[in-house]
1. Under the condition of being part of a helix (DSSP H, G or I) and touching a Gly at 6+ places or on another chain (Cβ under 6 Å), which residue from region 1-57 is nearest to PHE69 (Cα to Cα)?
2. Restricting to region 14-54, name every residue that is more than 13 Å from the chain's Cα centre (by Cα), within 22 Å of PHE4 (Cβ to Cβ) and exposed (fewer than 11 other Cβ atoms within 10 Å of the Cβ).
3. For PHE61, are the conditions met, namely being among the aromatic types (Phe, Trp, Tyr), open to solvent by 60 Å² or more (accessible area, probe 1.4 Å) and either assigned to a helix (DSSP H, G or I) or modelled with pLDDT under 95 (or both)?
4. For region 1-41, which residues satisfy the criterion of being under 17 Å from ILE60 (Cα atoms) and hydrophobic (A, V, I, L, M, F, W, C)?
Amino acid sequence: MTNFIKLISTFFYSGYVPKIPGTFGTLSGAIFYYFIILFFEPSSMQLVWITLSIIFISIIFSHYSVEIFN
């Protein structure tokens, strides 16, 4: 379970890039959103719900990752 939490909280380990981990995490998130819009073509309201769902999941995983990474 610990490895799964690390995988999600670092967005597939993009947060472990040595020099600029935050930039690569943001770039990975932007690419993720690009593919959601490209393949699923959500409406504006669906995109709002997708964004809120991702924020909610991030809050939950950040709680557990604080305990793991201390």
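1. We begin by selecting, within region 1-57, every residue part of a helix (DSSP H, G or I); these are 2-9, 14-16, 21-40, 44-57.
Next, from what is left, pick out any that are touching a Gly at 6+ places or on another chain (Cβ under 6 Å): 14-15, 21, 25.
On the way: SER14: 16, GLY15: 13, PRO21: 15, GLY25: 17 Å.
Among them, the one singled out is GLY15.
2. PHE35
3. Working: among the aromatic types (Phe, Trp, Tyr): yes; open to solvent by 60 Å² or more (accessible area, probe 1.4 Å): no; either assigned to a helix (DSSP H, G or I) or modelled with pLDDT under 95 (or both): yes.
Spelling it out, it is not the case that PHE61 is among the aromatic types (Phe, Trp, Tyr), open to solvent by 60 Å² or more (accessible area, probe 1.4 Å) and either assigned to a helix (DSSP H, G or I) or modelled with pLDDT under 95 (or both).
4. Our first condition is that a residue be under 17 Å from ILE60 (Cα atoms); within region 1-41, this holds for 1-12.
MET1, PHE4, ILE5, LEU7, ILE8, PHE11, PHE12 - these are the residues of region 1-41 that are under 17 Å from ILE60 (Cα atoms) and hydrophobic (A, V, I, L, M, F, W, C).
The values are calculated or read from the model by the stated rules, or taken from the named source; none is laboratory data. What you see is a predicted model; the values in this text were computed from it and never measured. Heads up, the Cβs are rebuilt from the backbone with ideal geometry, glycines too, and the neighbour counts pull from every protein chain shown. Ligands, DNA and RNA are excluded from the accessible area calculation, which covers all protein heavy atoms including side chains. Shrake-Rupley method; radii C 1.70, N 1.55, O 1.52, S 1.80 Å.
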